[in-house]
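Participant: Mind having a look at this structure? Questions to follow.
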Amino acid sequence: MNIELIRSNRRTLCIEVSADCRVIVRAPMHMPEKEINRFIGEKADWIDAHLRKMEKRRKEKENANIQGDEKKPLNEQDIKLLITRAKRTIPSKVRKYAQQIGVTYGRITIRMQKSRWGSCSGQGNLNFNCLLMNAPDEIIDYVVVHELCHRKEMNHSPRFWALVEEVIPDYKEKRKWLKDHGSELILK
């Protein structure tokens, strides 16, 4: 297994298995390699399971392509349309849920992102991936609520998930849907 290490100004370690079956480890700039290797070892079962899942998906896509059911990646025009739709859709959802949760927020930015569905900065600015427009409406709601809950808890602690659950009781299903189908949202 080939593992790609990317160091940046992040604070935590994370592992990602891409749609093309690459294993990417993202680590803080000065974290010792020994600590990174220990983390990879602890996550070996998770990595294997996700590699199997991605490989299965890749084979299913190949079979679908053979049967003429080929989906193509979005082009620049498709992405512009998604951004326009997202700018019309997401701000009203943010207003609705911010009021329900009892939080404020700053700027809302919509753009095409490769690895995130949304994010919330320390200043309360919200970013959303335009690809969410290809997801069911309840998935968009989940991502909006997820980011707004970061206005109260800037982490993924049990308290954070309890806040999300207050608004989206079945958030675990929504989260799973994104993990299982997120890579399909780039296709038309």
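Participant: At a 1.4 Å probe radius, carbon and sulfur cover how many percent of the accessible area of the chain?
Facilitator: Its accessible area is 49 percent carbon and sulfur atoms.
Participant: Kirkwood Rh, Cα Rg: Rg to Rh for the stretch 97-188?
Facilitator: So for the stretch 97-188, dividing Rg by the Kirkwood Rh gives 0.94.
Participant: Follow-up question, since we're still on this one. Of the peptides 141-150, 123-132, 41-50, 168-177, how do they stack up when ordered by the mean number of other Cβ atoms within 10 Å, highest first?
Facilitator: Sorting 141-150, 123-132, 41-50, 168-177 by mean packing, highest first, produces 141-150, 123-132, 168-177, 41-50.
Participant: Okay, next question. Taking the alpha-carbon centroid of each part, what is the distance from the stretch 71-106 to the stretch 145-169 in angstrom?
Facilitator: One Cα centre to the other: 19 Å.
Participant: Next up: Taking just the alpha-carbon atoms of the stretch 1-61, what radius of gyration and Dmax come out, in angstrom?
Facilitator: Every Cα atom of the stretch 1-61 included, Rg and Dmax give 12.5, 40 Å.
Participant: A further question on this structure: Which distance in Å, rounded to a whole number, links the C-alpha centroids of the stretch 1-63 and the stretch 107-122?
Facilitator: 22
Participant: Mean separation of Cα pairs under 8 Å and 6+ residues apart, divided by the residue count of the stretch 107-186: what relative contact order is that in percent?
Facilitator: Value for the stretch 107-186: 25 percent.
Participant: With every protein chain kept in place and ligands, DNA and RNA left out, what is the accessible area per residue of the stretch 69-188? Probe 1.4 Å, answer in Å².
Facilitator: I get 57 Å² per residue for this part.
Participant: For the chain, what does the convex hull of the Cα positions come to per residue, in cubic angstrom?
Facilitator: Details: hull volume 26.0 nm³, N = 188.
Spread over its residues, the Cα hull of the chain gives 138 Å³ apiece.
Participant: Taking only Cα atoms and a 10 Å spring cutoff, compute GNM fluctuations for the chain and point out the largest among Ala27, Ala86, Ala135.
Facilitator: Most flexible of the set in this elastic network: Ala27.
Participant: Which whole-number percent gives the relative contact order of the chain, counting Cα pairs below 8 Å spaced six or more residues apart?
Facilitator: The value is 16 percent.
The values are calculated or read from the model by the stated rules, or taken from the named source; none is laboratory data. Remember, it's a predicted structure, so these values are computed and weren't measured experimentally. We place every Cβ from the backbone using ideal geometry, glycine too, and count neighbours over all the protein chains shown. Accessible surface is based on the protein model in full, side chains and every heavy atom, while ligands, DNA and RNA are left aside. Shrake-Rupley method; radii C 1.70, N 1.55, O 1.52, S 1.80 Å.
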